[in-house]
Amino acid sequence: MGLEVRYDGSAKRHRWIVEKLGQHVDYRPICPEVAIGLGVPRPPIRLVGTPDEVRVVGVEDTTVDVTQALEEFALDTASRLSDISGYLFMSKSPSCGMERVKLYNSKGYAEKKGVGAYARVLMECLPHLPCEEEGRLNDPMLRENFVNRVFAYRRWQDLRAAGLSAKGLIDFHARHKYMMMAHSQAAYRRLGRLISNLKGVDLEHVADAYEAEFMLALKRRAGRKRHVNALQHIQGYLKDRIDGGDKKELADSIEAYRREEVPLVVPMKLLRHYFRRNPDDYIDRQWYLDPYPESLGLRNII
């Protein structure tokens, strides 16, 4: 975010997070190390131990141990974040790193096997919350995947906040059909079976199971092969509505995407163009075609 809260009093502003994504989301900046009273600037801390038994101690003064303080702050924070739709952690941080944080053994050697103490507890408390590190957002695939999950999770949260109903669950599932197919057809089928008979069942129990499967499936990266499959299924709705030349143009654009000659945005724009001219109520409701603000340009580079 650009706030000067790092151990040395500096900031680590991520331009895309602040200037691009920040146009569409509200942020709640949290620095757990400051929150537990370490101050700015502060002596650095690091992870020490083994992956199964980690402590967070001072680099210069090893008698300083803030493990419990960070874990308790994470528990308290998680209890107050039930309404958020995503979390961005700071990479490499002994408090906030999601993965591959330096973990020092008893001999003083470090391996990138650790997870930040605060991040670990928060993710355990909120297992379905979309989480990512700021550094990994430089990867176009990871960036698109994270933002897609954030907006999908917000739609799910809105559904639950409005009050669960069998109709609402079925409609949510239907509107995410091709998005799910692009991530995991097997998960889409399992979710379909889950909500196939909702008469007389505990909807809260079903919704909890649906949320877990839905968010886990979206975490899986949607590769070209699965995107092509989803695009071709959607293309099928136009077979009796456009002429041979338009069909060829659309098929060629999907094939060019498959061959990695054009990004995903090319066949997507062409599909939206043809469906504007030939509306279809079912396709118009598919979140796969417009899952998040187009101005983010996420499909321009994948």
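All of the numbers you see were taken from the coordinates with simple rules; none came from a lab. For clarity, every value in this text was computed on a predicted model and none was experimentally measured. Don't worry about glycine lacking a Cβ; one is built from the backbone with ideal geometry, like all the others, and counts go over all protein chains shown.
Ignoring aspartates and glutamates fewer than eight residues from Lys12 along the same chain, the ones with Cα atoms less than 19 angstrom from its Cα are Glu4, Asp26, Glu33, Glu99, Glu132, Glu133, Glu134, Asp139. Note down the Stokes-Einstein diffusion coefficient of the chain in µm²/s, whole number, using a Kirkwood radius over alpha carbon pairs, 25 °C, and 0.890 mPa s. My calculation gives 114 µm²/s for D.
Ordered by the number of other Cβ atoms lying within 10 Å of each residue's own Cβ, fewest first, Leu122, Leu88 fall into the sequence Leu88, Leu122. With each label modelled as a point 7 angstrom along the Cα→C-beta vector, the Ala161-Asp76 pair spans 2.5 nm. If you take the Cα centroid of region 168-239 and the Cα centroid of region 10-80, the two points sit 35 Å apart. Taking each residue as 0.36 nm, the span from Tyr109 to Asp290 lengthens on full extension beyond its C-alpha to C-alpha distance by 60.4 nm. Residues in region 190-196 carry Karplus couplings, in order, of 5, 5, x, 5, 4, 9, 6 Hz; the curve used is 6.51 cos²θ - 1.76 cosθ + 1.60 with θ = phi - 60°, and Gly or Pro positions show x. Once the mean of 1/r is taken over each pair of separate Cα atoms and inverted, region 84-162 shows a Kirkwood hydrodynamic radius of 13.6 Å. For helix 166-175, what angle does its Cα long axis make with the longest principal axis of the chain, in degrees from 0 to 90 and rounded to 10? Tilt relative to the chain: about 80 degrees.
Protection proxy ranking for 103-109, 46-52, using the average of other Cβ atoms within 10 Å per residue and placing the highest first: 46-52, 103-109. Taking the number of Cβ atoms within 10 Å of each Cβ as an exposure proxy, the fewest-first ranking of Ile234, Ile195 is Ile195, Ile234. Give me the percent of DSSP beta bridges within the chain that run antiparallel, rounded to the nearest 5. Expressed as a percentage, antiparallel bridges in the chain total about 70.
If you model region 140-302 as an ellipsoid using its alpha carbon gyration tensor, with each semi-axis the square root of five times an eigenvalue, the axes come out at 29, 18, 14 Å, biggest first. Candidate cross-link partners of Lys269 among the lysines, defined by an alpha-carbon separation under 28 Å and a same-chain spacing of 8 or more, comprise Lys20, Lys177, Lys219, Lys225, Lys239, Lys247, Lys248. The phi torsions of region 266-276, fed into the Karplus equation with coefficients 6.51, -1.76 and 1.60 and a -60° offset, translate into couplings of 5, x, 4, 5, 5, 4, 4, 4, 5, 6, 5 Hz, rounded to whole numbers, with Gly and Pro shown as x.
Here's how it looks for Ile45: its modeled amide H is under 5 Å from those of Val59, which are all 5 or more places away or on a different chain. Per-peptide packing, taken as the mean over residues of other Cβ atoms within 10 Å, places 180-188, 28-36 in the sequence 180-188, 28-36 from highest down. Averaging over all projection directions, the Cα-based convex hull of region 15-138 occupies 8.1 nm² in the image plane. Computed extension gain for Arg189 through Asp52, at 0.36 nm per residue and net of the alpha carbon distance, reaches 45.7 nm. Full extension of the chain segment joining Arg13 with Arg277 gains 90.7 nm, where the gain is 0.36 nm per residue of separation less the Cα-Cα distance. The phi torsions of region 249-256, fed into the Karplus equation with coefficients 6.51, -1.76 and 1.60 and a -60° offset, translate into couplings of 4, 5, 4, 5, 5, 5, 5, 5 Hz, rounded to whole numbers, with Gly and Pro shown as x.
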